[in-house]
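Here is the structure we will look at.
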Amino acid sequence: MYVCVCHAVTDRDIHEAVDAQGVAHVDELEELCGAGSCCGSCRDVAQELIDARLVQARAYAAA
Ligand code: FES
């Protein structure tokens, strides 16, 4: 699903940015792909997706 319509960034793109690029904040995502840099309406949802992915990764690493 598209999270950032302005820059055509999907939830999968965000997950990949967290997993492969170590993105932990929406500002880092913005630097990487521009998400959140236009209208800004996606920033809260993008950060929630980043946070959830980080929690998943930490739970996986602890298992
Ligand atoms: S929807 Fe992401 S900057 Fe507009």
For this session: Take every Cα-Cα distance within the chain, group them into 10 Å bins from 0 onward, and report for each bin the whole-number percent of pairs it holds.
Result: 25, 56, 15, 3
Exercise. Alpha carbon centre of the stretch 39-59 versus the stretch 1-15: separation in Å?
Worked result: 11
Exercise. Along the stretch 17-27, what does the Karplus equation 6.51 cos²θ - 1.76 cosθ + 1.60 (θ = phi - 60°) give for ³J(HN,Hα), rounded to whole Hz, x for Gly and Pro?
Worked result: 5, 5, 5, 9, 10, x, 5, 10, 9, 4, 5
Exercise. Whose amide H sits under 5 Å from the amide H of VAL9, counting only residues 5 or more places off or on another chain, with H placed in the peptide plane?
Worked result: VAL3, CYS4
Exercise. Taking amide H positions as placed 1.01 Å from N in the peptide plane, with prolines and chain starts having none, which residues 5 or more places from VAL23, or on another chain, fall under 5 Å of its amide H?
Worked result: VAL18
Exercise. Hey, rough spin-label estimate for GLN56 and CYS39, points 7 angstrom out along Cα→Cβ, what's it come to in nanometres?
Worked result: 2.6
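Laboratory data are not the source of any read-out in this text; all were calculated from the coordinates shown. What you see is a predicted model; the values in this text were computed from it and never measured. Methodologically, a virtual Cβ is constructed for each residue, glycine included, from the backbone with ideal geometry; neighbour enumeration extends over all protein chains shown.
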